[in-house]
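The values are calculated or read from the model by the stated rules, or taken from the named source; none is laboratory data. Keep in mind the model is a prediction, meaning the values are calculated, not measured. Cβ sites come from the backbone with ideal geometry, for glycine too, and all protein chains shown count toward neighbours.
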Ligand code: RIB
Ligand code: CA
């Protein structure tokens, strides 16, 4: 039963900090398709690809979605301490798989990402939800400028880390934390001791790797958008196959996610795409979709084998106050049903048949 959206007002003001990326792209589409989302600012962080490319991708998706003049800021060129690590083999040379989005004519904000974080939370204390789906460099830098930032946010949702689940960057670390472990450690430390309802919700690989997008999901999204012909992404497609979708949002997203599915297959995970970031976006809009456990989270910085590993103490062994709520389970089907309905409806509204 399609969701009835018209009577929903923008009730969730958001700062969205991304390293756009293929799944970051779908997170942006999902938020743009969600009437309760009020995107105040999109911060660009180096991660999947260099920050200038991340920012260009953010602007281009806003153009394609004919979005209002949402601020896009330029953030960290590199992590706090570590040399920059990017992953074009995962997300493609430009970070959006095989998609080739028209270059945007929009301008970046005059202020940088750190300044935007600090100024916005000071302007609207206790109101804003922060969503980070990339390395935590910008947020850590903002907390250095404004140590009270954790208390000035209403909520923080982070896609990052892995706890009781294998890593995707080293055997024990997840990409967003592995790119900038120092930043992640500083962010988690800054939230230490806040009341439970103000602790960051951390969406780790433990949960986000249950969010498996298959070609059938893309086919359903295209159908919901009224796009033709049927959007069938097959692992037996000839090389260089690209979408012929009549709907531009469907076409570009399908080309992006095809690259991601090929990457997952090449890494023995199946012809699928783990949609980490749109899931974290859904949590930012509705935290109740995940079960969580309180914990003290810290990050290994010195281990030869384990640098970038997130470690959770759920039993008070370290004698420190909790600083995180770790997402442990969700309903992937319910998530995909809503995502397909919302993003498909957005695509249809923007580019009707
Ligand atoms: O580990 C997955 C995360 O790293 C996702 O946010 C993906 O976009 C990359 O940034
Ligand atoms: Ca990301």
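Worth pointing out:
- Flag for residue 34 being within 16 Å of ligand 2 (Cβ to nearest atom) and surrounded by 21 or more Cβ atoms within 10 Å (Cβ to Cβ): no
- In the set (1) part of a strand (DSSP E or B); (2) under 24 Å from residue 341 (Cβ atoms); (3) within 16 Å of ligand 2 (Cβ to nearest atom), residue 28 fails one condition alone, (1).
- From 35, 83, residue being assigned to a loop (DSSP other than H, G, I, E, B), without any contact (Cβ under 8 Å) to a residue 24 or more places away in the chain and more than 14 Å from ligand 1 (Cβ to nearest atom): 83
- Qualifying residue in the stretch 1-15 (condition: buried (at least 16 other Cβ atoms within 10 Å of the Cβ) and under 12 Å from the mean Cα position of the chain (by Cα)): yes
- Only one entry of 215, 204 meets the criterion of being surrounded by 14 or more Cβ atoms within 10 Å (Cβ to Cβ) and in contact with a strand residue (DSSP E or B) (Cβ under 9 Å, 6 or more places away or on another chain), and that entry is 204.
- In a residue-by-residue description of the stretch 227-247, the property of being within 16 Å of ligand 1 (Cβ to nearest atom) and surrounded by 14 or more Cβ atoms within 10 Å (Cβ to Cβ) applies to no position.
- Selection status of residue 43, in a loop (DSSP other than H, G, I, E, B) and at negative phi: no
- Residue in the stretch 339-350 that is more than 21 Å from residue 14 (Cβ to Cβ) and over 22 Å from the mean Cα position of the chain (by Cα) present: yes
- Cross-chain or 6+ apart pairs with Cβ under 6 Å, the stretch 40-63 first and closer than 25 Å to residue 121 by Cα, then at pLDDT below 95: 45/76; 46/76
- Qualifying residue in the stretch 88-111 (condition: farther than 18 Å from residue 21 by Cα, within 16 Å of ligand 1 (Cβ to nearest atom) and either at pLDDT 95 or above or assigned to a loop (DSSP other than H, G, I, E, B) (or both)): no
- Among the residues of the stretch 174-199, those identified as part of a helix (DSSP H, G or I), within 16 Å of ligand 2 (Cβ to nearest atom) and touching a helix residue (DSSP H, G or I) at 6+ places or on another chain (Cβ under 7 Å) are 177, 183, 184, 187.
- Complete set of residues in the stretch 138-150 that are part of a helix (DSSP H, G or I) and without any contact (Cβ under 8 Å) to a residue 60 or more places away in the chain: 142, 143, 144, 145, 149, 150
- Residues in the stretch 200-218 that are closer than 22 Å to residue 49 by Cα and part of a loop (DSSP other than H, G, I, E, B): 204, 209.
- Some residue of the stretch 106-122 being in contact (Cβ under 8 Å) with a residue 24 or more places away in the chain, in contact with a helix residue (DSSP H, G or I) (Cβ under 9 Å, 6 or more places away or on another chain) and over 16 Å from residue 43 (Cβ atoms): no
- Scanning the stretch 159-170 for residues that are outside any loop (DSSP other than H, G, I, E, B) and within 23 Å of residue 59 (Cβ to Cβ) turns up at least one hit.
- Residue tally, condition over 15 Å from residue 106 (Cβ atoms), surrounded by 24 or more Cβ atoms within 10 Å (Cβ to Cβ) and away from ligand 1 (no atom under 11 Å from the Cβ), over the stretch 44-64: 1
- Any hit, the stretch 128-137, residues being modelled with pLDDT of 95 or more, in contact with a helix residue (DSSP H, G or I) (Cβ under 8 Å, 6 or more places away or on another chain), more than 28 Å from residue 208 (Cβ to Cβ) and part of a helix (DSSP H, G or I): no
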